[in-house]
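Each reported figure results from applying straightforward, stated rules to the coordinates on display, with no laboratory input. These numbers were taken from a predicted model, which means no experiment stands behind them. Ideal geometry is used to build each Cβ from the backbone, glycine not excepted, and the neighbour counts take in all protein chains shown.
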Amino acid sequence: MKNLKSVVIAMLVGLLSFQANAIVSVSKTQETKQLATVDLTPGQNANIQTFLSLTPAKYEQMTGKKMNLVSRYALKVAQKKMSKELMKSESSAKGASLPKIAYILLALFGLGFIGIGIVSDWQGNDWWINLLLTFLFWLPGFIHALIVMGKYY
């Protein structure tokens with residue numbers, strides 16, 4: 001009886017999460033379109049930073065509309081995508097970009113800290129952390145290099 005009860009609960013949770021994902025994906029595109037109407041042309045960098053620092057409370061204060069859970073999620077997703085694109089454009093503007101395959105090969109051969117250093121222009125702590133993890137053993141350094149790769153590619 002306990003097994004049947006847990007199976008039914010697991011099926012309900014799975015069904016509800018599937019429906020919630022479908023609702024979020026449909027609403028996310030509508031909310032992203034609405035949030036993307038922020039004017040980014042004059043003083044583009046300042047407006048992007050303003051958008052990235054925008055909180056749901058500030059958004060509600062600016063527009064006068066109360067945000068529901070889905071629109072809050074859409075705001076955070078849009079901010080994350082924008083920050084990722086901003087980081088990619090900054091790294092490519094510096095000219096210190098490294099092809100993705102070269103980055104992966106460096107990480108595979110235990111030199112992931114060099115790839116991270118080149119891509120990040122030797123700024124920040126990611127390459128130091130990767131160097132330490134690589135010296136501890138190859139696998140943690142490799143995993144860290146692949147995780148950090150998401151920031152730059």
In Hz, Karplus ³J(HN,Hα) per residue of region 105-120 (6.51, -1.76, 1.60; θ = phi - 60°; x = Gly, Pro): 5, 4, 5, 5, 8, x, 10, x, 5, 5, x, 5, x, 5, 5, 8
Most packed first (mean Cβ within 10 Å per residue), the peptides 54-67, 117-130 order as 117-130, 54-67
Based on the alpha-carbon gyration tensor of region 100-152, what equivalent-ellipsoid semi-axes (square roots of 5 times the eigenvalues) come out, in whole Å, largest first? 14, 12, 9
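Please say if region 47-117 is rounded, prolate or oblate, where rounded means a/c under 1.5 for a ≥ b ≥ c the square roots of the C-alpha gyration tensor eigenvalues, and otherwise the choice is prolate for a/b larger than b/c and oblate otherwise?
Prolate shape, in that a/c is at least 1.5 and a/b is the bigger ratio.
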Order the peptides 135-146, 78-89 from the highest to the lowest mean number of other Cβ atoms within 10 Å of their residues. 135-146, 78-89
What is the set of long-range amide H partners of Asp121 at a cut-off below 5 Å, with H atoms built 1.01 Å from backbone N? none
Which whole-Hz ³J(HN,Hα) couplings does region 144-152 yield from phi under the Karplus relation 6.51 cos²θ - 1.76 cosθ + 1.60, θ = phi - 60°, glycine and proline marked x? 4, 4, 5, 5, 5, 4, x, 5, 10
